[in-house]
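This report refers to the structure that appears directly beneath it.
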Amino acid sequence: MDAPALALPTPQTLSLDLDVHGHLADLRAWTAQWQADDQWLRQQVQGLSPSRRADVLLGSQIGSLRRQRALRVARRPFYLDPEAIRPMGFTRLRAHLAPQYARLSPADRQLWLANLAFLLTPTLHGLIEKLDAIRRYRSLGQARCLLLGGVSGAGKSSLLNWYGVRDQPEVQATRNHVPVVKIDAPVSNRSPKPLFQRLLLACGAAIVRGDEEHHLRLLELYFQHCGVELLIVDEVEHIQVPALRRRLLELSNLTGVPIVCASCNPVAWTLGDAEVQGRWNDYFELTPFTGPRLDAFLSLLDLLLPFEQDSGLGLRQVAGQPGPAAFIEQWTDGILREIMVLVLDACLKALAARQPGLSVAVLQQAWGDIKRAKVVNFLDYLRAQTAQASATHG
């Protein structure tokens, strides 16, 4: 079922060496590859029958793959680290980037906004290092499990999807090499079979008949065959029945593979079972952007926007009046998803009006339109905008 995957480069830093046109060429190639992959997956869906249970499960897996692979547009995400920018200075870096942005066509500027699909912050970078460390612990025979928490929209699923894309399965002569298995927990709690079947599909296995014990033993075999190093279960709060939660613990016992369980409040998911709490005793939380942390993030994000002049996104006050940072925190509560949807929509409005940057008025208009349209899925929103920009450029 899986199409050939490409290895992902390391994150891109904002620096005086950044070649905007070179990175834009990469974006075109990555966007074209993602669109080709997405088209291939859509074709696979067309051959599935809603009346066959195996096809329904496969369709669910393909839908999950499509959501993950949307992040291939951000194959080399920008790492927004204030400490890396400080030595060269914001003013100097803006002076390096602004002339390059000024030479971009309107279509190229829209395509450049695909960089906003996924950005690395120091916190997210720290989470990646945590996930890598967990995989290294396993190689030393010290399997560790992790709980990942944070409010809805904090960036959990985006980071986990990108991490899974970074280590896409590789088809080899005698097996599929699947170092990272990432699934969304099924809502059904009637039996462990839907959970086990999603895991088997992620390993490239066909759906087979048998009871849950057979599926569990198959997973033990496939995890060995496929070289699985890390299992990620997103939306783990869907697993509410204690017996199903114990099955996940049993899978950890049988395979020795570390399991990352993510949800808004994963600590609550472990309550009532001392053994589960003992196994998932490591916790990482993604928190909203507020105060100086939000200001720093917005100032760095401003450098990445394809305008000739600085928009002052990180300013709390402008001429004695509330600045962009104050409004953005008030409207979005510092939720990363909301911030990114707001900035993206404001950028599109400013580009359409040929403005040299973002203003508070444009941000206010964008936020009003977003709340009326109830945009909640940034990747879906960006997917549509990127496809439109790509078509315009073509």
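List of remarks:
- Test: residue in region 100-108 that is more than 24 Å from Gln33 (Cβ to Cβ), out of contact with any His (no Cβ under 7 Å at 6 or more places or on another chain), among the aromatic types (Phe, Trp, Tyr) and modelled with pLDDT under 90: no
- Residue in region 356-363 that is modelled with pLDDT under 95 and either charged (D, E, K, R) or not assigned by TED's automatic domain parsing to the domain that holds Gln309 (or both) present: no
- Total residues in region 256-295, condition among the charged types (D, E, K, R) and touching a residue at least 60 places away in the same chain (Cβ under 8 Å): 3
- Residues that are closer than 30 Å to Val45 by Cβ and in contact with a Pro (Cβ under 7 Å, 6 or more places away or on another chain) do not occur anywhere in region 93-105.
- Qualifying residue in region 120-136 (condition: more than 30 Å from Thr255 (Cβ to Cβ), crowded, with 21+ Cβ neighbours inside 10 Å and not hydroxyl-bearing (Ser, Thr, Tyr)): no
The values are calculated or read from the model by the stated rules, or taken from the named source; none is laboratory data. Please read all numbers here as calculations on a predicted model, not as lab measurements. Note that each Cβ is placed from the backbone with ideal geometry, even for glycine, and that neighbours are counted across all protein chains shown.
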